[in-house]
Number of protein chains: 2
Amino acid sequence: MALVVQKYGGTSVANLEKIENVARRVIKERQAGNQVVVVLSAMAGETNRLIELAQQAAEDYDIREYDTLISTGEQVTVSLLAMVLKGMGYPARSFLGFQVRIMTDQAHTQARILSVEDAALRRELEKGVIAVVAGFQGVDKDNNITTLGRGGSDTSAVALAAALQADVCEIYTDVDGVYTTDPGICSNARLLTRISYDEMLEMARAGAKVLQPRSVELAKKYDVPVYVKSSFKDDVGTLVTKEDKEMEREVVSGVTYDRDQAKITVIRVPDKAGVASRLFTPLSEHNIVVDMIIQNASLEGYTDLTFTVSRKDVKETKRLIEEAAREVGAASVEVDDQVAKVSIIGVGMISHSGVAAKMFSALAQEGINIMMISTSEIKVSCVIQSKYTELAVMVLHDAFGLEKTP
Amino acid sequence: MALVVQKYGGTSVANLEKIENVARRVIKERQAGNQVVVVLSAMAGETNRLIELAQQAAEDYDIREYDTLISTGEQVTVSLLAMVLKGMGYPARSFLGFQVRIMTDQAHTQARILSVEDAALRRELEKGVIAVVAGFQGVDKDNNITTLGRGGSDTSAVALAAALQADVCEIYTDVDGVYTTDPGICSNARLLTRISYDEMLEMARAGAKVLQPRSVELAKKYDVPVYVKSSFKDDVGTLVTKEDKEMEREVVSGVTYDRDQAKITVIRVPDKAGVASRLFTPLSEHNIVVDMIIQNASLEGYTDLTFTVSRKDVKETKRLIEEAAREVGAASVEVDDQVAKVSIIGVGMISHSGVAAKMFSALAQEGINIMMISTSEIKVSCVIQSKYTELAVMVLHDAFGLEKTP
């Protein structure tokens, strides 16, 4: 008997017919003799409807209340699925964040899971009950409802799998698995059957929307095997797992892009100790995630500092950085939100020289100017003008021959 | 400085515009220097939408999951009102049942409040925060979400007022207060400025929809002064309070009706000890409330037993009673759901003879047949054919001269 965690996204529970479809999948797993924990998102569109209500309620709405509001979306789907399962003759029980207890920090709208209590869930699972857990939500130490940010249900699923030492965590979604790149841009994108945690992490961070990066971090940390698969087909999908020999043969596994980028440049920053900290501390205090940072070589004691943030954070970032720039004596702040990031990812990169150079030359041949570069052991990212995104993805997918099975 | 509990029903929070209207009323109270606890229902129509989802999910849906589902309605309105209040510059905080903690028994869909913890609320009130509490919901000892049944938000409001020893509990609704009878039926129905707890209780039980009976019981028990008033006007409404001299002058205060009645007759029940208990115990075990019970005089060791239940319980009652009837050896079970109950209510009744007789003769003059009668110290109820409901109400309102101010 295995313990299986299955997570279904918003399109898989968009209405009662689809919830019944989910119920049938869950029952199949249960009939195979396994214990099943189901994690659900809100019905597709529901979270956006609730966000609109919040935006109408107050211009600068309170984020504690926002979390209380939007967490109702998952509360609806889990109670409905539990009803449907019981109606089909299977014992089932819904669990909200505060009932499991999924404990988080107090960073409303993007809280991090601190711990998951497994006692209540285990008690029900041992009785043969299918546990249906609300994704995306948790509770802080003062019993405030918190939410984990977009895609947070993936993280809920992996955290539950880790806490329960589940045998596998299956993420059901509206795509077939993880592709070498977005099939919507590249018609010859290829489905990957396996991918390492690190590659998946870089792909998720670099803009592939298939899994929330935090969920991959957790899966890696607790060694949870994660399958990404379609909730509408019976295909095997993509296994996200530890690195293995087979993977090492691929130099580059995938090409990703992220249009949710804005580039901010602080001009003529005095080049002395403590300045960078003075600039970036206010951003982290406001939970603004800075992605890439580049600092030019110092010239006459001054330097230019460029970094990227999510477009939704541009307004607040500009306000905070302009204030900080004045204080440290920088000249001015420039914002460009017509940029995108394209990345190549692969565990094999580390042992192959010339991968980055090949990327730069492929982009250059199409006349695409590179504004920023950042590299890790298994990733090279370039910030380019937003309008070249699709072209860059196609060029890179071709240049590294990703359409071919290795 | 007074502590005021204000409850707003579904029509008062039906959309954001109306929620803003509520916010302005709340702020007015707060600006008068008072501490304010606001209790909200779900947006009008929302509870019904959720009930429909439950009915589609499973024919015989699970009531624990049902409570989890429909309690989202109030979760949405309280978070929105707290956002709106904060947006208007006033400190506010939403509280769900499990956050206050409003502890109830485990009777899902019609749970009773066992206790209300006041510490968390007091802490916020003392800081000047407006507390916005989800009505209708509570939590049982195992952290399951429970709901209090239709109109349960009234009970939430009174229970909070009692726990906090509030100076007053105001129930805002879409009518102006408590009338001598339904103004929709009787154009000369008169608004009552005061009514005693006992009369209000009998009126609520007898079908007046303005307050949930349980809320009146609680108000009486803890001596909470309750104002029923319109959320769209600035009228004083009706004060529900302890009996006073002035009230005693009125013989009959009001006429009510209740169409949510079904009559069940068990034919040829053996007339021996324990039989009634055997018949009614299964009903109470299934939380079915039996209203009136009449047993005919025994004839040759057999009797007919007639009782009424809410129409929604007819199906289950029939099933349970037919089973019990077989076991005790009764002949058969008959169901009539085309009945209604009309009642006259008044604290003065007890000291005036002939009130019941006057009621019976008024109905008889219109040819309305009385099927069942029940009386209390301050109420006489008759079960009649459903089609005569309006006629009976008008006749009784006239017969007791209720259009005139006493």
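Once all protein chains are placed together, B:Asp67 keeps about 0 Å² accessible to a 1.4 angstrom probe. Our analysis of chain B gives Rg over Rh at 1.00, with the two radii drawn from alpha carbon positions and Rh computed by the Kirkwood formula. For the range A:157-163, 3J(HN,Hα) computed residue by residue from phi via the Karplus equation (6.51, -1.76, 1.60; θ = phi - 60°) reads 5, 5, 5, 5, 4, 5, 5 Hz, glycine and proline entered as x. Between A:Ser310 and B:Ser351, what is the FRET efficiency for a Förster distance of 56 Å, r being their Cβ-Cβ separation, to the nearest 0.05? With a Förster radius of 56 Å, E is 0.15.
Please compute the contact order of the range A:3-174 in relative form: average sequence separation of alpha-carbon pairs under 8 Å and at least six residues apart, divided by the residue count, as a percent.
After rounding, I find 30 percent.
The same position A:Gly33 in the other copies lies at 7.5 nm from this copy, comparing label points 7 Å beyond Cα toward the beta-carbon, shortest first.
Rounded to the nearest 5, the antiparallel percentage of DSSP beta bridges internal to the range A:3-174 is 25%. Model label sites at B:Val168 and B:Thr405, defined 7 Å from Cα along the beta-carbon direction, differ in position by 2.0 nm. The rotation axis bringing chain B onto chain A passes closest to the chain B residue reported with its distance as B:Thr72, 2, by C-beta distance in whole Å. Between A:Arg278, A:Arg190, A:Arg122, the residue with the greatest mean-square fluctuation in the GNM of chain A (Cα pairs under 10 Å linked by springs) is A:Arg278.
For chain B, a Gaussian network of Cα nodes joined below 10 Å ranks B:Ala297, B:Ala356, B:Ala325 by mean-square fluctuation, and the top entry is B:Ala297.
The listed residues B:Glu20, A:Glu117 rank as A:Glu117, B:Glu20 when sorted by accessible area, largest first, using a 1.4 Å probe.
Placing B:Arg326, A:Arg319 in order of accessible area, with the largest value first and a 1.4 Å probe, yields B:Arg326, A:Arg319. Note on B:Lys18: accessible area is roughly 70 Å² with a 1.4 Å probe, heavy atoms of protein only.
Relative to the other identical copies, B:Gly128 shows label-point distances of 6.0 nm, where the label point lies 7 Å from Cα along the Cβ direction and values run shortest first. When the accessible areas of B alone and A alone are added and the area of the pair subtracted, with a 1.4 Å probe, the result is around 3100 Å², both sides summed.
By a 1.4 Å probe calculation restricted to protein chains, B:Asp174 has an accessible surface near 90 Å², given to the nearest 10. Taking every C-alpha pair closer than 8 Å and separated by at least 6 residues, the mean separation divided by the residue count of the range B:331-406 gives a relative contact order of 39 percent. A simple spin-label model places pseudo-atoms 7 Å from Cα toward Cβ; at A:Val290 and B:Asp234 they are separated by 5.5 nm.
At full extension, B:Glu126 and B:Thr109 could sit 2.8 nm farther apart than now, given 0.36 nm per residue minus the alpha carbon distance. Computed over the Cα atoms of the protein assembly as shown, the ratio of the radius of gyration to the Kirkwood radius (Rg/Rh) comes to 1.08. Averaged per residue, chain A has 42 square angstrom of accessible surface, using a 1.4 angstrom probe with ligands and nucleic acids left out. Rg over Rh for the range B:1-142 works out to 1.00, both radii taken from alpha-carbon positions and Rh defined as the Kirkwood radius.
Take the Cβ atoms of A:Asp60 and A:Lys141, set R0 to 30 Å, and the FRET efficiency comes out at 0.70.
Size of the dipole of chain A about the Cα centre, Lys and Arg at +1 and Asp and Glu at -1 on the beta carbon, nothing else charged, in debye to 20?
Roughly 760 debye, rounded to the nearest 20.
Sorting the Cα pairs of the range B:47-92 by distance into bins of 5 Å, from 0 upward, gives 5, 20, 22, 14, 11, 10, 9, 6, 3, 0 percent per bin.
Using a Gaussian network model of chain B in which every pair of alpha carbons under 10 angstrom is joined by a spring, one finds that among B:Val228, B:Val333, B:Val393 the greatest mean-square fluctuation is at B:Val333.
DSSP bridge analysis restricted to the protein assembly as shown gives an antiparallel fraction near 60%, rounded to the nearest 5. Using the Karplus relation 6.51 cos²θ - 1.76 cosθ + 1.60 with θ = phi - 60°, the per-residue 3J(HN,Hα) values for the range A:201-213 come to 4, 5, 5, 5, 5, 7, x, 5, 8, 6, 9, 6, x Hz, with x marking Gly and Pro.
Within chain A, antiparallel bridges make up roughly 60 percent of the DSSP beta bridges whose residues both belong there.
The value for the range B:201-242 of Rg(Cα) / (2.2 N^0.38 Å) is 1.19.
Between B:Asp118 and B:Ile370, the simple spin-label model (points 7 angstrom out along Cα→Cβ) gives 4.5 nm. Using Cα pairs closer than 8 Å and at least 6 residues apart in sequence, work out the relative contact order for chain A, in percent. Dividing the mean separation by the residue count of chain A yields 14 percent. Each other copy holds its own label point for B:Arg150; taking that point as 7 Å from Cα along Cα to Cβ, the gaps run 4.3 nm, nearest first.
For the range B:141-254, the C-alpha radius of gyration divided by 2.2 N^0.38 Å, with N the number of residues, is 1.08. A straight line joining the Cα centroids of the range B:196-251 and the range A:273-344 runs 63 Å.
The values are calculated or read from the model by the stated rules, or taken from the named source; none is laboratory data. Being a predicted model, the structure only gives us computed values, none of them experimental. Using ideal geometry, Cβ is built from the backbone for each residue, glycine included, and neighbour counts are taken over all protein chains shown. Surface accessibility is based on the protein's heavy atoms, side chains included, excluding ligands, DNA and RNA. Shrake-Rupley method; radii C 1.70, N 1.55, O 1.52, S 1.80 Å.
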